[in-house]
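S.K.: Just dropping this structure here.
The values are calculated or read from the model by the stated rules, or taken from the named source; none is laboratory data. All values derive from a computational prediction rather than experimental measurement. Here the Cβ is made from the backbone with ideal geometry for all residues, glycine too, and neighbour counts use every protein chain on show. Side chains included, ligands, DNA and RNA excluded: accessible areas come from the protein's heavy atoms. Shrake-Rupley method; radii C 1.70, N 1.55, O 1.52, S 1.80 Å.
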Amino acid sequence: MFITFEGLDYSGKTTQATLLVDHLKQIGKQVLFLREPGGTAVSEKIREILLDKKHPEMTQATELFLFSAARAQLVSEIIRPALDEGKVVICDRFYDSTTAYQGYGRGLDLQQVKGINMIAIGGVIPDLTILIDIPTDEIIRRRNIAKMSADRMELSGNHFYDKVRQGYHALATEEAHRVILLDGMKPIQEIHEEILKIIHQQFKK
């Protein structure tokens, strides 16, 4: 089974992904936990470039291709072999992030973004995507609490994140069979319990 987590930065998706990984391991599942961009030597190098604030001149097309290149490497080298071995693969972000961030957020042509996404994933589509939704204003509040500095993507501003969030909501509507939208403003444990119910229903299928 292939499960992905999506959402705005500081939505709590990584926390929820980690909690799910721990739970699945406790019940005896073989689980592989990955993040995007990253997960391989090549993909981690690309991640450094993408998030580095020293590259404000990066074009939107370059950003799109770099994210997709990192993903293509991760799918080929790690994800597909793990799924073939029968492991549960959980990934913190996948191609829905590119649709939301580069398509809706940056305003790139959605059909072209979709085409590039399909090349990068090579037919590997998540069985389930958990989308943790928060208001855009919450990003700054949570980042301040965490005392974290903004990376290159996070410096894009609230207007950008408003469009990203709209993109995620559109995906949740268009692909309701796969994308489950959850309220990220609820307590961590409550969200976790909702996710467990969804996951165990998925395993029954």
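S.K.: Which of (1) of a type outside the set (Phe, Trp, Tyr); (2) assigned to a loop (DSSP other than H, G, I, E, B); (3) closer than 23 Å to GLN73 by Cα; (4) open to solvent by 50 Å² or more (accessible area, probe 1.4 Å) does PRO56 not meet, given it meets every other one?
M.R.: (3)
S.K.: Could you please tell me which pairs satisfy a Cβ distance under 9 Å, a separation of 6+ or placement on different chains, a first residue in the range 121-145 that is loosely packed, with under 14 Cβ neighbours inside 10 Å, and a second residue that is modelled with pLDDT under 95 and in a helix (DSSP H, G or I)?
M.R.: ASP137/ASN158
S.K.: Given LEU66, LEU8, LEU51, LEU24, which one is under 27 Å from ASP137 (Cα atoms) and either surrounded by fewer than 21 Cβ atoms within 10 Å (Cβ to Cβ) or modelled with pLDDT under 95 (or both)?
M.R.: Just a single option satisfies the conditions, and that option is LEU51.
S.K.: Evaluate the range 164-180: report whether one residue or more is in contact with a helix residue (DSSP H, G or I) (Cβ under 9 Å, 6 or more places away or on another chain), surrounded by fewer than 16 Cβ atoms within 10 Å (Cβ to Cβ) and polar (S, T, N, Q).
M.R.: Among the residues of the range 164-180, at least one is in contact with a helix residue (DSSP H, G or I) (Cβ under 9 Å, 6 or more places away or on another chain), surrounded by fewer than 16 Cβ atoms within 10 Å (Cβ to Cβ) and polar (S, T, N, Q), which makes the answer yes.
S.K.: Which residue out of ASP109, ASP151 is open to solvent by 60 Å² or more (accessible area, probe 1.4 Å), closer than 16 Å to GLU63 by Cα and among the acidic types (Asp, Glu)?
M.R.: None of the other options fit; the residue is ASP109.
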